[in-house]
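Heads up: the structure comes next, in structure tokens.
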Amino acid sequence: MKKKSALSELLEYADSYKYLTYASWILSGASALTALVPFYYIWLVMKKVIENDTTDIALCGVGAVVFSAVSMVLYTAALVCSHKSAFRIASNLRKKVISHIAALPIGIIESEGSGKLRKTVNEASSAAETFLAHQLPDKAGAMVTPIGLLVLLLIFDWRLGLLSLAPVILGFVIMAAMTGTKMQEKINEYQNSLDNMSNEAVEYVRGIPVVKTFGQTVFSFRRFKQTIDDYSKWTISYTKDLRIPMICYTAAINGVFAFLVLGAALFTKNGVTASFLLDLMFYIIITPVISLTLTKIMYMSENEMIVDDALSRINSVLEYSPLSETKNKTALNDYSIELENVVYSYDNSKNALDGISLKIEQGKTAAFVGPSGGGKSTLAALITRFFDPQSGCVKIGGVDIKDISKEELMNTVSFVFQNSRLIKGSIAENVRLGRPDATDEEVINALKNAQCEDIIKKLPNGIDTVIGSGIYLSGGEQQRIAIARAMLKNSPILIFDEATAFADPDNEVRVQTAISNLAKGKTVIMIAHRLTAVKNADIIYVINNGKIAEYGKVKELMENKGIFEKMWNDYQTAVEWRVV
């Protein structure tokens, strides 16, 4: 199947506005042709001066000004049409991609990286808008201009006209070599390097507190520095590759004057006529338009490649399939959680989870512990359906979560992340994300139960204080606000992924108290490295290398003298460690 051009793809987002795009081409082409008419009036003025005929010179000048003004009006009209269409296309493109991303499982979004996705959406829509609003009408004008120029170049003196076209042909040949398939590959490499830098920059910024704490520099983030070094090497190499072709191209398109001088010397061996001198002067005046037009076409070809690459990246995002959704309302028998022989792999090379089967009864608290990278967070993500397993199934209340509607599943499960994020808004708005129709009284009660009273008291406007604009909360305080949000939502199933990881001792106590208040009567899954946080769990699953290595209560696991017993002893040693 033949690949669609970038323009064809973009016009699919235009709705009825695509006719404005067509109108912009026509108007721009008409403007370009009209802009050539003043050159004819210039030729008439020069002819009259050479012939010492001053009649109607002023009229010729007025004619040149009128046609120049008409050309400007037509071009302005072309831009108005192209901009209205471009804005609609960019808006529809952005809406479609954002809506698609919103429907994708969080697992895919995490794997792609927020920095890369944001750059893809922003730059693709921006590139499309610029291309359609400015470059496309300019391209139409630039393509029509050579036709008009060809007539002007051949109508006065065909010999000088052909000489003027020689460097044009040479310029086209060099330009084709620079903007061909190899250039498209280079554009793709360029965008890839920018994507990598964007992703790593986001991770670097997020890690700045750690860098400052340990007095390190950017070299501590080797991947970020490596992407910068790779980009630097690529740009230098690419610039060197195009250095000679660009010099030749520039010399060719700006060398029209030299061709004309040589031609004039050849054609005037037997003397110079007034008519030939007039034509030569006219060609010297008009030939700079050739170099300008060719340069426009070259840069437009490059910009079209950028848009084509941007659209291919948009399409790569659109190719990700959202998780299947059921429209049937399935009643849950209870709020137990069951996994049956679940297998999941991120890259099809090694299973992150390999044959996991377990059951957590309603109202019970289960803990997932184990070495880092063992699969704990992946297991929790499958329960919230951030992605689906390759095989096996996950059930809530005896129903496969694939048969539970998205809305019902989101109302059934609350997830408190290791690094909870708050929006730039008031405390009340952040908490209300759990239940938008909640009253102020319900929000205050949720904050109180989440041990947030001390936070509210120190803020200038209480729950109406906007955070992120000069007022910031610590990691532990943000966690308590996130727990208040989960309390307001009041879901029957709760998942805590390292909820106390970034909390200081005081905040940890408050967070643990808030979790205890929230977890009453609910089915709870806790993921923790601080083993004291899970010592009262009804059952503990030790996850290692994607499998359940051990399970049971603390006492049972300690008696087994396996992985958990070693982790417990190591944790106690770390807690008791002191600087002497």
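Only one of the numbered conditions (1) surrounded by fewer than 16 Cβ atoms within 10 Å (Cβ to Cβ); (2) in a loop (DSSP other than H, G, I, E, B); (3) basic (K, R) is violated by K457, and that is (2). Taking the conditions exactly as written (among the basic types (K, R), farther than 17 Å from K359 by Cα and out of contact with any Ser or Thr (no Cβ under 8 Å at 6 or more places or on another chain)), does K448 satisfy them or not? Yes, satisfied. Summed over segment 410-425, the residues that are more than 23 Å from P460 (Cβ to Cβ), surrounded by fewer than 19 Cβ atoms within 10 Å (Cβ to Cβ) and either touching an Asp or Glu at 6+ places or on another chain (Cβ under 8 Å) or among the aliphatic types (A, V, I, L, M) (or both) give a count of 3. Screening P492 with (1) over 34 Å from the mean Cα position of the chain (by Cα); (2) at pLDDT 85 or above; (3) surrounded by fewer than 18 Cβ atoms within 10 Å (Cβ to Cβ); (4) not hydrophobic (A, V, I, L, M, F, W, C) gives one miss only, at (3). For segment 47-84, filtering for residues that are more than 24 Å from F276 (Cα to Cα) and not aliphatic (A, V, I, L, M) leaves 10.
Let's see how each residue does on (1) surrounded by fewer than 17 Cβ atoms within 10 Å (Cβ to Cβ); (2) touching a helix residue (DSSP H, G or I) at 6+ places or on another chain (Cβ under 9 Å); (3) among the aliphatic types (A, V, I, L, M):
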{"site": "I427", "(1), (2), (3)": "no, yes, yes"}
{"site": "T439", "(1), (2), (3)": "yes, no, no"}
{"site": "N445", "(1), (2), (3)": "yes, yes, no"}
{"site": "Q451", "(1), (2), (3)": "no, yes, no"}
{"site": "G462", "(1), (2), (3)": "yes, yes, no"}
{"site": "S474", "(1), (2), (3)": "yes, yes, no"}
{"site": "I481", "(1), (2), (3)": "no, yes, yes"}
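Taking segment 81-180 as the region of interest, the helices (runs of 4 or more DSSP H) fully inside it that hold 3 or more residues being polar (S, T, N, Q), over 30 Å from I42 (Cβ atoms) and modelled with pLDDT of 75 or more are 114-130. Only a single item in (1) among the β-branched types (V, I, T); (2) within 24 Å of A486 (Cα to Cα); (3) at pLDDT 80 or above is not met by T532, and it is number (3).
The values are calculated or read from the model by the stated rules, or taken from the named source; none is laboratory data. What you see is a predicted model; the values in this text were computed from it and never measured. Backbone-built Cβ (ideal geometry, glycine too); neighbour counts: all protein chains shown.
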